[in-house]
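I have placed the structure first, in the form of structure tokens, so that the comments after it can refer back to it.
The values are calculated or read from the model by the stated rules, or taken from the named source; none is laboratory data. Small disclaimer: the values here were computed from a predicted structure and weren't measured. Positions of Cβ are backbone-derived with ideal geometry, glycine not excepted, and every protein chain shown enters the neighbour counts.
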Amino acid sequence: MTTEYAVELEDICKTFPGGVQANKNITLRVRRGEVIGLLGENGAGKSTLMNILYGLLKPDSGRIVINGEEVSLNSPQDAIVRGVGMVHQHFKLIPVLTVVENVVLGLEPILKKMDVRSIPGGRTIGSVLPVDFKTASKKIEEIGEENGLPVDPSSKIHDLSVGLQQRVEIIKMLYRQANILILDEPTSVLTPHEVDELFVTLKEFVKAGKTIILITHKLRESMALCDRICVLRDGELVGIVERKDTSPSKLAQMMVGRPVVFTTQKEPRSPGEVVLSVSNLSVLDNRKLEKVKGINFEVHAGEIFGLAGVQGNGQTELIEALAGLRKPTNGRILVGSVDITGKRARFVREAGVSHIPEDRQRMGIILPFSVEENIALGSHYRPPFAAGLFSAILQLDVIRSATEDLVEDYSIKLSKVNALASTLSGGNQQKVVVARELATKPNLVIAAQPTRGLDVGATEYIHEVLIGLRDRGVAVLLISAELDEIQNLADRIGVIYDGQMVAIKAPGEATPTELGLLMAGHTHESSDEEVALS
Amino acid sequence: MNQRRFFFIIALVAAIIIGVIGIISMPVQQQQIAGWLVSITMQMATPLVLAGIGGMYSERGGVVNIGLEGIMLMGAFTGAAVTYYFDNPWLGILGSVAAGGLLAAVHGVICVKYKGNHIVSGTGVILFGTGFTTLMLEVVWHQKGRGELITNTIPDIIIPQIQSHPFFGPAFSVISPVVVFMFVLTAISWYILYRTPFGLRLRASGEDPSTLDSAGVSVEWIRVVGVIISGCLAGLGGAYLSIGFGSAFAKEMTAGRGFIALAAMIFGNWTPTGILGAGLFFGFLDGLNYFIQIYFPALLPFSNYIAMLPFLLVVVALGLIRKSVPPKAIAKPYEKEKRA
């Protein structure tokens, strides 16, 4: 029997152990063959809802109907056999295994003449019979050819780029013959070019009659691809709208619950003296390859210097060298008049440098520590946080009151100040990092991807904070992969390519296309033809 | 990658052939000594390799099993006791495998189902294995320290055709089936780990359980099975000590072999062939110790230091020679409902 709907979710409720209510009575019906966007800020319950549909989580209450059949999903297996496939935000791929091993995992084909899995007890015996990797590889190649997703089945996942890894995830769904495809934030890790390719692929899938559910917090994407858009906020369904009846600003308002300003207002800059001066700096990466190749630039007090570039062109190594986490092989870094070249992180911090790291969960915050403890880190060894002989005793009451002040100032949402950092949403974790880094009253702030993975509200907030810093005369070095962000905030834009600063421009001076070309390694002499192509 | 492995195998085979040719061109007495050394190496390696590969099944699935020592003791005791009562070493082996599997199953359920700390539970297994076998030793044989001699131990395979050869005679003509099984097990384990659905799932479970879960496979089930296999093999390794190589159960007779097996597993980088190699190496150091004591009686006063040598070399080997890459999700309980 065929119904109009591929998936019907009715009155889904889910409360996590610990009391977070992630889904509150959500009803969502997905039509067959449509692309529906699931839009909402981080922590709005989008992924939770889809994990329920995929059988990874069990709802506390509610009905799930797939293709007209009411189902109770005990494991993803139950969803997979009904044609549901999911690409998770953090890929479910095992880096040390090959593509074919990852794809067949859980559904391994046995050599045909030995397949005994149909007879009783055969599944147990089958699990120690040889897997037919050859046929599986052939099938993966076929799927790749049919859908324009070529990939080498025998290469290992950790040798593939993120874009290719996502391709493997999609092939994995197709291998399982999924016709209801869930994609969780599929573009957050992709380059703009890869995003375009993905969208082309998804449009092909829709033509082939598949149903797509796209989880995203990016307005542009939902407007570009979806037929209908379903907006969630704080675990509740705000509304489902047709694309043609809505606009990005309307959607943003639904998501955040209030009007959102897209372009940040800022005063004209009034730059002061040079705060950061980098000359001829060279840095090696972990594999001893030169990633930063003799870079020169200056950041003045009261300006935001935006560093634009495609990931992997030396930004990470540059930031680490500036923050005292990696020793440069050559060159000089001056902060004010202090030489911090090759000095340790503590020396650099004491010279007035704050660092908002690009990977906050790995370098910015200690997840199993409480918010107070995270706030104290970095200043924990000196008054007022430490006192007594050799400053050996932590002043817990001081730390607590300082944390309470910062929580208030930065409106960090948490249950109590000694809550674990891991219980906070991504946006609030980032606010904790920002609050701590700015509490030391720095002269220079290195903000690396400060809004990566953050929702509209938090992004807006962080942008305001950075501009506020600039207006107070702090030098800000902003490194971001999002060109929009750089153009919006920066007073000067430097473009890094292959470890070198290929251009420094004022925001009005270059169009996004020109900057994009510079980021891709095309210098000024690039022909008109190439410009026309983009 | 495959090419490198191919050349490695070629080089290994060549080294063995050259070594054997070298040995059989030596004087008869030295050939005999070399043969004896090969034999003792294999014998000493067997419990290490069996328990080490066992540990691999557990750890590849993501469960640390430091309880190997206790499980080996359990296997050694059960093997001896069953053989003592039924006068049949094969039943003894069956018993030791079952007892090892059972004790490991407890560890597995604690770690996987109840998300207990692997190290604490493993320590519990060691303490239980030590205490229980010491107590039961007195219950079964009414003796302290050492049980009665078992006459009907696992029969050796005898190959009369090569018995008279000065090198192959002492090396291979009298060989325990358990020693042979060590080599067979290595091959089987390689096949299971890299060629079967179970092996793929086991490796996935140790690397990233959430991926396995989202592929629709029960992580808990795979992990528990891995731990039980580890117990069965460690139990067999223990039985070899009491009714194969030796012929009685003695209090704490494993003497740290469970830990050396863990070292062999790490040194062998959690791969069957690696563990075989590491086990043989450690077995060789053990054998060398006997060799020095027998052939250089002048060194007898220093025998304690000589006995220390293998352990020192183990430390050096583990610390300096290579960097091991453990399974990524090892010792991390998998919680389904955790909020990402």
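Points to keep in mind about this one:
- Residue match in the range A:489-510 (condition: buried (at least 18 other Cβ atoms within 10 Å of the Cβ) and within 29 Å of A:E408 (Cβ to Cβ)): yes
- Within the range A:19-49, restricting attention to residues that are under 25 Å from the mean Cα position of the chain (by Cα) and assigned to a loop (DSSP other than H, G, I, E, B), the residue that is farthest from the other protein chains (Cβ to nearest Cβ) is A:E41.
- Checking the stated criteria, A:L97 turns out to be crowded, with 20+ Cβ neighbours inside 10 Å, facing chain B (nearest Cβ under 9 Å) and within 23 Å of B:A204 (Cα to Cα).
- With respect to the conditions (1) more than 14 Å from chain B (Cβ to nearest Cβ); (2) more than 18 Å from A:I94 (Cβ to Cβ); (3) of a type outside the set (D, E), A:I140 lacks only one, and its number is (2).
Matching residues to (1) of a type in the set (A, V, I, L, M, F, W, C); (2) assigned to a loop (DSSP other than H, G, I, E, B); (3) modelled with pLDDT of 90 or more:
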site: A:K293; (1), (2), (3): no, no, yes
site: A:V299; (1), (2), (3): yes, no, yes
site: A:L307; (1), (2), (3): yes, no, yes
site: A:Q311; (1), (2), (3): no, yes, no
site: A:E317; (1), (2), (3): no, no, yes
site: A:A321; (1), (2), (3): yes, no, yes
site: A:P328; (1), (2), (3): no, yes, yes
site: A:V348; (1), (2), (3): yes, no, yes
site: A:S354; (1), (2), (3): no, no, yes
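- Of the helices (runs of 4 or more DSSP H) lying entirely inside the range A:359-467, those containing at least 2 residues that are more than 26 Å from the chain's Cα centre (by Cα) are A:396-409.
- Test: residue in the range A:50-57 that is more than 8 Å from chain B (Cβ to nearest Cβ) and either over 26 Å from A:K172 (Cβ atoms) or surrounded by fewer than 16 Cβ atoms within 10 Å (Cβ to Cβ) (or both): no
- Some residue of the range B:177-191 being surrounded by fewer than 24 Cβ atoms within 10 Å (Cβ to Cβ), free of Cβ contacts under 8 Å to residues at least 24 places away in the same chain, facing chain A (nearest Cβ under 10 Å) and part of a helix (DSSP H, G or I): yes
- Test for A:V417: is it surrounded by 13 or more Cβ atoms within 10 Å (Cβ to Cβ) and modelled with pLDDT under 85: yes
- Filter result (in contact with a helix residue (DSSP H, G or I) (Cβ under 6 Å, 6 or more places away or on another chain), at pLDDT 90 or above and farther than 20 Å from A:I80 by Cα) within the range A:27-67: A:G37, A:L38
- Breaking point among (1) assigned to a loop (DSSP other than H, G, I, E, B); (2) under 28 Å from B:A81 (Cβ atoms), for B:I260: (1)
- Among (1) on the phi > 0 side of the Ramachandran plot; (2) within 14 Å of chain A (Cβ to nearest Cβ), the one test that B:H142 misses: (2)
- Candidate set from the range B:79-110 (those that are within 17 Å of the chain's Cα centre (by Cα) and closer than 19 Å to B:K251 by Cβ); member that is surrounded by the most Cβ atoms within 10 Å (Cβ to Cβ): B:G100
- Qualifying residue in the range B:300-312 (condition: out of contact with any Lys or Arg (no Cβ under 6 Å at 6 or more places or on another chain), buried (at least 16 other Cβ atoms within 10 Å of the Cβ) and within 30 Å of B:D213 (Cβ to Cβ)): no
- Which listed residue is within 11 Å of chain B (Cβ to nearest Cβ) and either among the hydroxyl-bearing types (S, T, Y) or under 30 Å from A:G45 (Cβ atoms) (or both), from A:F133, A:F91: A:F91
- No other residue among B:R203, B:R223 is crowded, with 23+ Cβ neighbours inside 10 Å and either outside any helix (DSSP H, G or I) or more than 10 Å from every other protein chain (Cβ to nearest Cβ) (or both) apart from B:R223.
One line per residue, one yes/no per condition, for (1) of a type in the set (A, V, I, L, M, F, W, C); (2) surrounded by fewer than 19 Cβ atoms within 10 Å (Cβ to Cβ); (3) more than 8 Å from every other protein chain (Cβ to nearest Cβ):
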{"site": "A:G68", "(1), (2), (3)": "no, yes, yes"}
{"site": "A:V84", "(1), (2), (3)": "yes, no, yes"}
{"site": "A:V87", "(1), (2), (3)": "yes, no, yes"}
{"site": "A:V104", "(1), (2), (3)": "yes, no, no"}
{"site": "A:I110", "(1), (2), (3)": "yes, no, no"}
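- Only a single criterion out of (1) closer than 20 Å to A:P95 by Cα; (2) not assigned by TED's automatic domain parsing to the domain that holds A:L225 is not satisfied by A:N147, namely (1).
- Each residue in the range A:468-480 was checked for being surrounded by fewer than 18 Cβ atoms within 10 Å (Cβ to Cβ) and not basic (K, R), and 3 pass.
- Applying the set (1) farther than 19 Å from B:V49 by Cβ; (2) part of a loop (DSSP other than H, G, I, E, B); (3) not polar (S, T, N, Q) to B:M308 leaves exactly one unmet item: (2).
- So B:P160, is it under 23 Å from the mean Cα position of the chain (by Cα) and more than 14 Å from chain A (Cβ to nearest Cβ): no
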